[in-house]
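Quick notes on the structure that follows.
The values are calculated or read from the model by the stated rules, or taken from the named source; none is laboratory data. For clarity, every value in this text was computed on a predicted model and none was experimentally measured. Cβ placement follows ideal geometry from the backbone for every residue including glycine, while neighbour counts extend to all protein chains displayed. Note: accessible area is taken over every heavy atom of the protein model, side chains too, but ligands, DNA and RNA are not part of it. Shrake-Rupley method; radii C 1.70, N 1.55, O 1.52, S 1.80 Å.
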Amino acid sequence: MEFRVLGPLEVLGGAEPIALGRRRGERCLLGLLLLDAGAVVPLDRLLDLLWDGDPPPAARGTVKTHVARLRSVLDPHRDGRFGVRLQRRGEGYLVDVDPGAVDA
């Protein structure tokens with residue numbers, strides 16, 4: 001997979017774009033994780049960035065839902081066979097991809 005975060009977020013599987021859906025929050029979450037690919041991004045930082053410093057009470061659950069939906073598209077078997085894994089680590093998340101697969 002190839003990830004383009006400079007400009008509109010795009011994910012390519014070979015030459016074909018992968019549909020991420022229209023949910024802005026999921027796309028933003030993936031973009032944030034890709035900017036720090038391979039590093040754990042603390043959940044509190046994600047909440048702050050996704051909701052501009054004012055997350056709603058259900059924000060933690062919303063992030064979990066976003067991650068589950070992204071996994072179903074990018075890593076449905078949860079084994080990284082497509083070159084990407086979204087993982088929870090401690091109190092944060094990381095996207096495990098080859099850094100060369102991200103254009104930033």
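Of everything in the stretch 9-34, what is among the aliphatic types (A, V, I, L, M), at pLDDT below 90 and open to solvent by less than 50 Å² (accessible area, probe 1.4 Å)? Give them in sequence order.
Within the stretch 9-34, Leu20 is the sole residue that qualifies.
Of all residues in the stretch 61-97, count the ones that are touching a helix residue (DSSP H, G or I) at 6+ places or on another chain (Cβ under 7 Å), touching a residue at least 12 places away in the same chain (Cβ under 8 Å) and either over 18 Å from Gly25 (Cα atoms) or exposed (fewer than 14 other Cβ atoms within 10 Å of the Cβ) (or both).
The total comes to 4.
Does any residue of the stretch 50-60 turn out to be open to solvent by less than 60 Å² (accessible area, probe 1.4 Å) and closer than 22 Å to Arg4 by Cα?
Yes, some residue in the stretch 50-60 is open to solvent by less than 60 Å² (accessible area, probe 1.4 Å) and closer than 22 Å to Arg4 by Cα.
Answer with yes or no whether Val41 is farther than 13 Å from Tyr93 by Cα and open to solvent by less than 60 Å² (accessible area, probe 1.4 Å).
For Val41, the condition - farther than 13 Å from Tyr93 by Cα and open to solvent by less than 60 Å² (accessible area, probe 1.4 Å) - is not met.
Within the stretch 38-54, can one find any residue that is out of contact with any Gly (no Cβ under 6 Å at 6 or more places or on another chain) and touching a residue at least 60 places away in the same chain (Cβ under 8 Å)?
Yes, there is a match, as at least one residue in the stretch 38-54 is out of contact with any Gly (no Cβ under 6 Å at 6 or more places or on another chain) and touching a residue at least 60 places away in the same chain (Cβ under 8 Å).
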